[in-house]
Structures are given as C-alpha cells and as structure tokens.
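A short write-up of the structure that comes next.
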Amino acid sequence: MGRTWRKWGLPVVALALLAAGCERTPDAPDAKARPTAAPAAPVARVCAEPAAGPAKAPAGAVTVDPAKVGDLAAKTKDSPPHTTFWLRPGKHRLAPDRYAQVIPKKGNRYLGAPGAVLDGRKTNQYAFGGTARDVTIRHLTVQRFVAPPDEGVVNHDSADGWVIEHATIQYNSGAGLMAGARQRVRASCLRENGQYGMNAYKAKGQISGLVVEGNEIVGNNTDDWERRRKGCGCTGGVKFWAVDGADVRGNWVHDNRGTGLWADTNNNDFRVEGNLLEANDGAALIYETSYNAVIRKNTIRRNNWVEGRSYADRGDTFPFATVYVSESGGEPRVKARTDKIEIHRNVLEDNWSGITLWENADRFCNSPANTSSGDCTLLVKDTDRCARPAIAKAPLYADCRWKTQRVDIHDNRFVLDKSTVDCTVKCDRMAVLANYGTYPDWSPYQGERVARAITRKQHNRWHDNTYVGPWKFVAHDPSRVLDFGQWQGDPYRQDAGSTFRARDGG
C-alpha cells in the first residue's frame, strides 16, 4: 500500500527546516519551525484550549485513583458492561508490562477530570484495546505509549462505535488512535504522534460511517517513517484505508511531517469540508485509488513546501501537488452520496502547486506495479480475473483499473505569490496527466492510452475558477507545460468561465 507518484514509487524526501526567521506555530510549541498565520475561523484550537472534564464523579461512576498503579485496568475488569469510570486528576499508570492495557467492556465510558492523564511511560504499547463496541473516552489525555508501526494506542483493535471527544492523544509511537465503524472523533487534540494522529484501518471487516470533526491534528510523524521505510506511504496526520463513508469536517490539520489527510486504497463516499489544512510538509490532501468524494469549503494554505521543494531541487519535472488525486474518480456503480469527485468552493493560497490529477498506466489490479499489493478495485472482487487475455476486453479492461475520472473542479480560488513560497520554478502547476505505459509486458495499457484517456476521455474538468498568480498547466505528460490560453484552447478546453490574472489588483 502507499502512494505512487510514478510507477517506481515515491522516493525518499529529504526533510529540512525552512529558512531562518520562521516562528513556531502557536499552540504546538514542539512543532517544526514554520511561518505562521492566524487560522481561519472557525477552527479547532483544541490543543491549546481543551475543554475541561467533570470536576466531580458523575452519579454512579466508578472512581479511578492515580496513586494505584493499574487501578483503571483492574476496575474495568471487575465492573460490568456499560460502567462509567471517572479518572481523578493526576497521572494514571498501567502495570509495567509492555502488553498491559485497558480492555473495555461494551458501552463503557471513561471520563477524565481536569488534569487526568493516562501515561504509558514509554513502557506500555497500548492504552485501550479489545473488541468491545460503543466505548466512550472523554476529557482524557493519553500519552507516551509505544505502539509498533502501523498499530495504534487508543482503540488498538479497531472496535466499532467508539466515541472519542475532548481527548488529547499525544507523544505516542505508532498511531495515536485507530478507527472502527461508526467511530466519532470530535474536538480532540491528536498531537506529535510518531507515525499517524489516527490510522483508520481495520484488519477484518469494513470501516463505515466515520466522523472526524472539530479536531486539531498537528505535528504527527515525529519518527519520520518515510525516511525509515523508503517510499512506504505510511505517514500523515490521518490515514484512511478502505473506509466507506466518512465526514471529515471542521478540523485544523497543520504542521504534520508529510501529508495532512491521506485516503489510500478503496475508500469511498468522503466529504471533506470546512477544514483548515496548512503548513504540512507534503500534500494537504491525497485521495488515492479511491472513489466518490466531495471536497469543499476548505482553506488550504502553505502546504507542500518541504516535499515540493525537495523534488524541484533535484530537477524532477513531476507536478507534485497540494491536492493530489491519484487513480481515483467518480464511479456511479459504487454506492455513495455522489457519483463523482467534486472539488469546489475551496481557497488554495501559497501552496507548492495546486491540484494534480494523476493516473499511473502501470498500476492496476493484479499488476506487479500495484503498490496496494493484493488489493483489487471495488468493481472486481477476484484479483485473478485481471489477467490476460480477459483483461484486454470489456468489462475488465475498464474495471481492473482505478481510474481518475469524473473529477469536477470548479468555483475555487487559487492564489500564488512566489515570493511568499520562496520559489522560482515548479511550484506553480495545475495538472492532469499519466505516464507512458510499459509494464508488465502483458499489460493492455501500454503506450499513451492512459494519458490520452485521463486528459480527454474520462470527464475530468476544471471550470469557473479564479486564478491569481503565475500559474502554469500540465496536460497529458510532464513535458507539456501550458499557459492559460493553451489550457483553455483546443484540444484540452479546460477552465471555461474561469478568470486569470497575474496578481491581485492586476
């Protein structure tokens, strides 16, 4: 699994701090140096201003004593389902064993008093695990657990129906939080975790009905896993895998090392709206090998400065994007609230490049070049069907590919001031393109077939947008760099009804 910018995968990004004179982001004192700006309103400032939990135990609650090591796990074990636990102020600890954790029962509720912290002391791997449904965690800080890579600290086993509200999950290894079906993550601080703030992945079953709302997701991937596992595609503020139905709204996603929000492999029916995505080292948003989404009313600014500049400095001509749609599109046969990918009414300001629509000609179900190894599209259940000779004919010729199609980009505002971004070349691209198909030798997608399809035949359309700044446009392949007139003219005919000016007021 993971991102593939090209058929040979994603090279390692050489991460570096930006130029001297930058400030640290307010409310995240340990984040990387970075120019700052006041967040757009409304925004989730929950790390600096967490809501206080109940100062007294609710009626009927079991009180947990921080002076007794292991008290929370022991009382959970001894209490029936649907018990409410109130954690007193102070630092709560589990038994000093790496596998010691709390195993909730169905319907349990865990409420933290002001100052209640569950601390793994860099000893325990997991805080809350097990398969019990409908567990609630509120007003509790969970920190310093050491989950292995790709695993999580809270809801380690991706149980269904959990509610995490007004929580602070910080300074953990692996993912701060896993996700199950019908999970609600609201008004929480997911800060400076080693790999992900949240990893929405379930080994068995499907994640559906996921809500991520009003959270601050900041400074994650402190362990820099893209460097440790070259091209792994295994980092970000939040990573989503095979989620069917997600609402991601009103979050402040900023200063993450790598991508802000990343939906990877057979996700469907996403609404990403009203978020502030800013100052992430890589793309603000990647939607990869997935289906049907609405991306609207987001403010997206100052993203991709580190990764974009790294590639440009190497002379790479690929249009590395701030919003990157990779082998993803609208598909009416996959049930969702929309049958396309609609990107509209967003403001993108001073990012390293804009939106790239990409399709890797060599990446399809059953191809050795498919980095989502073992996965097939949502239209073909049996991977072995995508083989010659059947794959060369309908319906498999179309259905064995994740296709970038039916993407509608309209009524957005794209602003670029190169002096702010501090670049001279390659930070000014909007693109729709593919590579020349070469692999494997039995592939029916060789040559320019996919490049022609994504550019002219798959209903990918920009229109009625506003451009401010020295924008350029890439079509078909990285070598075709166009000005606005060429982009609007034959044969591409993009951005009908859009306006373009070199600078504000110009």
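The values are calculated or read from the model by the stated rules, or taken from the named source; none is laboratory data. Every value quoted in this text rests on a predicted model; they were computed, and no experiment measured them. FYI the Cβ positions are ideal-geometry reconstructions off the backbone, even for glycines, and counts take in every protein chain you see. Surface accessibility is based on the protein's heavy atoms, side chains included, excluding ligands, DNA and RNA. Shrake-Rupley method; radii C 1.70, N 1.55, O 1.52, S 1.80 Å.
Quick test of your reading of the structure: D150 fulfils all but one of (1) over 20 Å from G236 (Cβ atoms); (2) touching a residue at least 60 places away in the same chain (Cβ under 8 Å); (3) out of contact with any Lys or Arg (no Cβ under 7 Å at 6 or more places or on another chain). Name the failing condition by number.
(1)
Just for region 58-73: of the residues that are among the small types (G, A, S) and free of Cβ contacts under 8 Å to residues at least 40 places away in the same chain, which one is surrounded by the most Cβ atoms within 10 Å (Cβ to Cβ)?
Only one residue fits best here, namely A73.
Which of the residues that make up region 459-500 are in contact (Cβ under 8 Å) with a residue 12 or more places away in the chain, over 19 Å from A434 (Cα atoms) and exposed (fewer than 13 other Cβ atoms within 10 Å of the Cβ)?
A496, G497, T499
Pairs needed: first member in region 106-122, part of a strand (DSSP E or B); second member anywhere, aromatic (F, W, Y); C-beta distance under 6 Å; at least 6 residues apart or different chains.
Y110/F85; L111/W86
Can you tell me which residue is nearest to T404 (Cα to Cα) among those in region 433-442 that are open to solvent by 10 Å² or more (accessible area, probe 1.4 Å) and of a type outside the set (V, I, T)?
Among residues in region 433-442 that are open to solvent by 10 Å² or more (accessible area, probe 1.4 Å) and of a type outside the set (V, I, T), the one nearest to T404 (Cα to Cα) is N435.
Looking at (1) open to solvent by 10 Å² or more (accessible area, probe 1.4 Å); (2) more than 15 Å from the chain's Cα centre (by Cα); (3) not polar (S, T, N, Q), find the lone condition where G174 falls short.
Among (1) open to solvent by 10 Å² or more (accessible area, probe 1.4 Å); (2) more than 15 Å from the chain's Cα centre (by Cα); (3) not polar (S, T, N, Q), G174 violates only (1).
Quick one: how many residues across region 371-395 are open to solvent by less than 10 Å² (accessible area, probe 1.4 Å) and either assigned to a helix (DSSP H, G or I) or under 30 Å from A279 (Cα atoms) (or both)?
Looking only at that region, the number is 2.
Output the number of the condition that E49 fails; it satisfies all remaining conditions of (1) assigned to a loop (DSSP other than H, G, I, E, B); (2) at pLDDT 95 or above.
Of everything listed in (1) assigned to a loop (DSSP other than H, G, I, E, B); (2) at pLDDT 95 or above, E49 misses just condition (2).
Go through region 346-363 and give me each residue that's outside any loop (DSSP other than H, G, I, E, B) and more than 30 Å from Y445 (Cβ to Cβ).
V347, L348, E349 - these are the residues of region 346-363 that are outside any loop (DSSP other than H, G, I, E, B) and more than 30 Å from Y445 (Cβ to Cβ).
Give R186, R182 a once-over and let me know the one that is of a type outside the set (A, V, I, L, M) and at positive phi.
R182
Quick one: which of A100, A159 is over 20 Å from C47 (Cα atoms), of a type in the set (A, V, I, L, M), more than 27 Å from the chain's Cα centre (by Cα) and not in a strand (DSSP E or B)?
Residue meeting the stated conditions: A100.
Would you please name the residue that is farthest from I169 (Cα to Cα), looking only at residues in region 187-209 that are crowded, with 24+ Cβ neighbours inside 10 Å and among the hydrophobic types (A, V, I, L, M, F, W, C)?
I207
Can you find, within region 242-300, the residue that is farthest from E342 (Cα to Cα) among those that are of a type in the set (S, T, N, Q) and open to solvent by 10 Å² or more (accessible area, probe 1.4 Å)?
N266
Hey, A187 hits all of (1) more than 24 Å from N303 (Cβ to Cβ); (2) small (G, A, S); (3) modelled with pLDDT of 95 or more but one; which does it fall short on?
Unmet condition: (1).
Whether any residue in region 326-342 is under 28 Å from M430 (Cα atoms), open to solvent by less than 30 Å² (accessible area, probe 1.4 Å), out of contact with any Phe, Trp or Tyr (no Cβ under 9 Å at 6 or more places or on another chain) and assigned to a loop (DSSP other than H, G, I, E, B) is what I want to check.
yes
Among the residues of region 178-223, count how many are part of a loop (DSSP other than H, G, I, E, B) and within 21 Å of G120 (Cα to Cα).
11
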